[in-house]
1. So, in nm, how far is label LYS87 from label ARG132 when the simple model puts each one 7 Å beyond its Cα toward the Cβ?
2. Excluding GLN24 itself, what net charge comes from residues whose Cβ is under 13 Å from its Cβ, given Lys and Arg +1 and Asp and Glu -1?
3. Over the residues of the stretch 73-140, compute the C-alpha Rg and express it relative to 2.2 N^0.38 Å.
4. Given only helices, namely DSSP H runs of n ≥ 4 each adding -39500 (n - 2.57), what is the per-residue ellipticity at 222 nm of the chain, to the nearest 500 deg cm²/dmol?
5. Distance from the Cα centre of the stretch 70-97 to that of the stretch 13-67, in angstrom?
6. Along the stretch 111-117, what does the Karplus equation 6.51 cos²θ - 1.76 cosθ + 1.60 (θ = phi - 60°) give for ³J(HN,Hα), rounded to whole Hz, x for Gly and Pro?
7. Test of understanding: ordering ILE15, ILE84 by Cβ neighbours within 10 Å, fewest first, what list do you get?
8. Please report the base-10 log of the normalised intensity I(q)/I(0) for the chain, using a Debye sum with one equal scatterer per alpha carbon and no solvent, at each q in 0.14, 0.15, 0.21 (1/Å).
Amino acid sequence: MKKIVLTSPKFSGSITFGYSDTGQLLFYHNQTDLDHAKNEWLLPNLPIIEIHLLSLKAKLQGTLTEVPEDTSFEAFWEVYNRKINRKRSEPLYEKLSAGDRLLAITRAKPYQKFRAGKGQEIADPEKYLRDRFFDTNWSTMK
């Protein structure tokens, strides 16, 4: 199964879509602030087939992020390029919600790329987690 998260500047929060190996919609989880009218619009426009998700993304000027199957601390540690303070970082990571763990993992590389582009060192993982650096969408920062 593949999980894909849709975010957009047109709403707060995210919508997670789950697709079978054949690309059929299995579920969606709406964690947004959409009002009743926007929810009414969304239902008939649900991307029943994965390929239709691109159309919804364009209509909402959104961003799609595939959810890694593994959101364990080990997966985070693997993608974060500064290997210090593991003992202090792990409990902070374990306290995060599932959604925050996903953000911590998927935004680690864009954060590191942003800092490198500025000629700056990345924060140690403990600070990255404690100060919630993953709340910033680093892909859109200049």
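Read-outs: derived from the displayed coordinates by stated rules, not from any lab. Here the structure is a predicted model, which is why all the values come from computation and not from measurement. Glycine also receives a Cβ, built like all others from the backbone with ideal geometry; neighbour counts cover every protein chain displayed.
1. 2.8
2. Result for the local shell: -1.
3. 1.00
4. The helix contribution divided over the chain gives -10500 deg cm²/dmol.
5. 29
6. Listing the rounded values in order: 4, 5, 5, 4, 5, 4, x Hz.
7. ILE84, ILE15
8. The Cα Debye sum returns log10 ratios of -0.73, -0.82, -1.25.
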